[in-house]
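Notes for the one structure printed next.
The values are calculated or read from the model by the stated rules, or taken from the named source; none is laboratory data. Since the structure is predicted, the reported quantities are computational estimates derived from the model, not experimental observations. Ideal geometry is used to build each Cβ from the backbone, glycine not excepted, and the neighbour counts take in all protein chains shown.
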2 protein chains.
Amino acid sequence: MTTFPNITLRLPDWISELAQAGARYPSIEERMRFVIALAATNVERNTGGPFGAAVFEADTGILVAPGVNIVEAGRCSLAHAEAMALMVAQQAVGTYDLGATHLPKLELVTSSQPCIQCWGNVWWSGIQRLITGTSVEQTQKFGGFDEGPIPPNWADILRNRTPKERAVEVIEHVLAEEACVVLKRYTEKNGVVY
Amino acid sequence: MTTFPNITLRLPDWISELAQAGARYPSIEERMRFVIALAATNVERNTGGPFGAAVFEADTGILVAPGVNIVEAGRCSLAHAEAMALMVAQQAVGTYDLGATHLPKLELVTSSQPCIQCWGNVWWSGIQRLITGTSVEQTQKFGGFDEGPIPPNWADILRNRTPKERAVEVIEHVLAEEACVVLKRYTEKNGVVY
């Protein structure tokens with residue numbers, strides 16, 4: 001009898017040099033700078049695409065889970081930075097619902113706007129706030145990456161979701177220029193664009 | 001130093017009773033009946049939601065990877081049946097791109113129409129054909145499940161994707177009535193709806 005493989009997704013080993021569970025990033029800009037550093041390091045160390053993300057406690061800025069794109073190394077088209085951060089966070093807090101009432105308010109910070117897949121991940125994750133860096137246009141222009149058929153009003157669809165308890169606050173274009181630098185560096189290195 | 005958990009997603013142990021890698025399902029109906037049986041068994045054994053999916057070689061019907069919803073047990077909001085089948089298939093064939101030119105044509109068969117998240121998964125997976133059972137309306141009506149903000153023309157968006165090599169053939173409503181029975185059984189058992 002032939003059986004089927006399990007799926008094991010691991011963040012790169014260098015993550016522990018940059019990120020510690022429980023470290024505190026008080027401002028939104030510090031949180032964004034951290035995920036841009038994850039994206040930049042992922043490019044530098046050749047461990048994946050130019051994208052970084054992390055789940056934080058929104059009120060305190062405590063880091064719950066980092067994420068980087070490991071699509072190629074992980075042999076997994078789902079393993080975008082946002083998806084990794086959400087999945088690691090769900091393992092860390094012990095539930096698939098990051099909006100569970102016993103948890104503090106959790107947010108996802110991501111160096112680029114989510115693609116169609118990550119937008120769907122956000123939808124079901126229970127995350128309560130989303131903070132993004134580069135826009136779709138910048139991700140396309142500087143990184144050559146397509147975001148898929150995401151509607152132009154994707155952020156409003158999250159904001160206006162019903163019931164109101166499942167609505168997601170969205171803050172866009174935080175330090176977008178700094179995040180663009182990483183996309184450009186990846187393109188210069190001729191990284192794989194998928 | 002506190003580190004971060006890895007993500008390990010496993011299909012339920014009973015999968016080996018129903019599914020063997022390399023088994024052959026010649027017709028589309030046989031493939032759909034197989035994924036409906038996965039969905040039904042997932043409900044019966046209390047291992048997850050009423051959804052089953054599998055990746056097959058489209059021309060031969062050889063089973064590459066089964067999938068069932070393990071959102072609760074896996075503590076992972078991404079672990080829908082379609083996502084599991086795609087991820088297990090990518091591990092089995094050794095690449096994130098199920099549309100890679102060295103592979104046979106691969107298809108995803110799913111007992112219910114994909115939600116917004118699984119639609120995004122299909123988009124980046126490289127899968128070349130998608131075969132679905134119940135419609136959005138049936139999944140809502142009989143299972144109480146919401147599919148999220150997926151556009152009504154989701155299938156045409158896959159079919160008309162450019163470049164043409166990345167377009168996805170879509171065949172809908174295969175054995176939908178049989179798939180609805182599983183949704184109803186789940187509702188009767190008062191399964192968790194997320």
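Among the listed residues B:140, B:117, B:113, B:90, which satisfies the condition of being polar (S, T, N, Q) and under 15 Å from residue B:57 (Cβ atoms)? Quick ask: steps written out before the conclusion?
Numbers: B:140 fails: under 15 Å from residue B:57 (Cβ atoms); B:117 fails: under 15 Å from residue B:57 (Cβ atoms); B:113 fails: under 15 Å from residue B:57 (Cβ atoms).
Only one candidate qualifies: B:90.
Residue-by-condition table, conditions (1) out of contact with any Phe, Trp or Tyr (no Cβ under 8 Å at 6 or more places or on another chain); (2) touching a residue at least 12 places away in the same chain (Cβ under 8 Å); (3) aliphatic (A, V, I, L, M):
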| position | (1), (2), (3) |
| --- | --- |
| B:34 | no, yes, no |
| B:38 | yes, yes, yes |
| B:67 | yes, yes, no |
| B:87 | yes, yes, yes |
| B:93 | yes, yes, yes |
Seminar exercise, completed: Flagged in region B:87-110 as touching a strand residue (DSSP E or B) at 6+ places or on another chain (Cβ under 7 Å), among the polar types (S, T, N, Q) and within 11 Å of chain A (Cβ to nearest Cβ), in numbering order, are B:91
Problem set entry | Failed condition for residue A:60, given (1) surrounded by 24 or more Cβ atoms within 10 Å (Cβ to Cβ); (2) farther than 24 Å from residue A:142 by Cβ; (3) of a type in the set (S, T, N, Q) | (1)
Exercise. Taking into account only those residues within region A:19-40 that are within 14 Å of another protein chain (Cβ to nearest Cβ) and more than 14 Å from the chain's Cα centre (by Cα), which is surrounded by the most Cβ atoms within 10 Å (Cβ to Cβ)?
Worked result: A:19
Exercise. Name the pairs whose Cβ atoms lie under 9 Å apart, with the first residue in region B:122-137 and within 14 Å of chain A (Cβ to nearest Cβ) and at positive phi, the second surrounded by fewer than 23 Cβ atoms within 10 Å (Cβ to Cβ) and among the acidic types (Asp, Glu), and 6 or more positions between them or separate chains?
Worked result: B:126/B:97
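Only one of A:104, A:152 is within 22 Å of residue B:72 (Cβ to Cβ) and surrounded by fewer than 18 Cβ atoms within 10 Å (Cβ to Cβ). Can you tell me which?
On the way: A:152 fails: within 22 Å of residue B:72 (Cβ to Cβ).
From the options A:104, A:152, the qualifying one is A:104.
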Seminar exercise, completed: Of the residues in region A:41-73, those that are of a type outside the set (Val, Ile, Thr), in a loop (DSSP other than H, G, I, E, B), more than 14 Å from chain B (Cβ to nearest Cβ) and under 22 Å from residue A:25 (Cα atoms) number 4
Problem set entry | Criterion violated by residue B:147 - all others in (1) at pLDDT 95 or above; (2) part of a loop (DSSP other than H, G, I, E, B) satisfied | (1)
Problem set entry | Which numbered condition residue B:96 fails, given (1) out of contact with any helix residue (DSSP H, G or I) (no Cβ under 9 Å at 6 or more places or on another chain); (2) surrounded by 24 or more Cβ atoms within 10 Å (Cβ to Cβ); (3) part of a loop (DSSP other than H, G, I, E, B); (4) not charged (D, E, K, R) | (1)
For this session: Looking at (1) within 10 Å of the chain's Cα centre (by Cα); (2) more than 15 Å from residue B:35 (Cβ to Cβ), find the lone condition where residue B:132 falls short.
Result: (2)
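From the list A:113, A:117, exactly one residue is farther than 12 Å from residue B:77 by Cα, under 13 Å from the mean Cα position of the chain (by Cα), within 8 Å of chain B (Cβ to nearest Cβ) and not acidic (Asp, Glu). Which is it?
On the way: A:113 fails: within 8 Å of chain B (Cβ to nearest Cβ).
Selected residue: A:117, the only one of A:113, A:117 that is farther than 12 Å from residue B:77 by Cα, under 13 Å from the mean Cα position of the chain (by Cα), within 8 Å of chain B (Cβ to nearest Cβ) and not acidic (Asp, Glu).
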Exercise. What pairs can you find where one residue is in region B:71-83 and farther than 16 Å from residue A:123 by Cα, the other is of a type in the set (Lys, Arg), and their Cβ atoms are less than 8 Å apart, with a gap of 6+ or different chains?
Worked result: B:74/B:10
Exercise. Just checking, how many residues over region B:74-83 are touching a strand residue (DSSP E or B) at 6+ places or on another chain (Cβ under 6 Å), within 8 Å of chain A (Cβ to nearest Cβ), aliphatic (A, V, I, L, M) and assigned to a helix (DSSP H, G or I)?
Worked result: 0
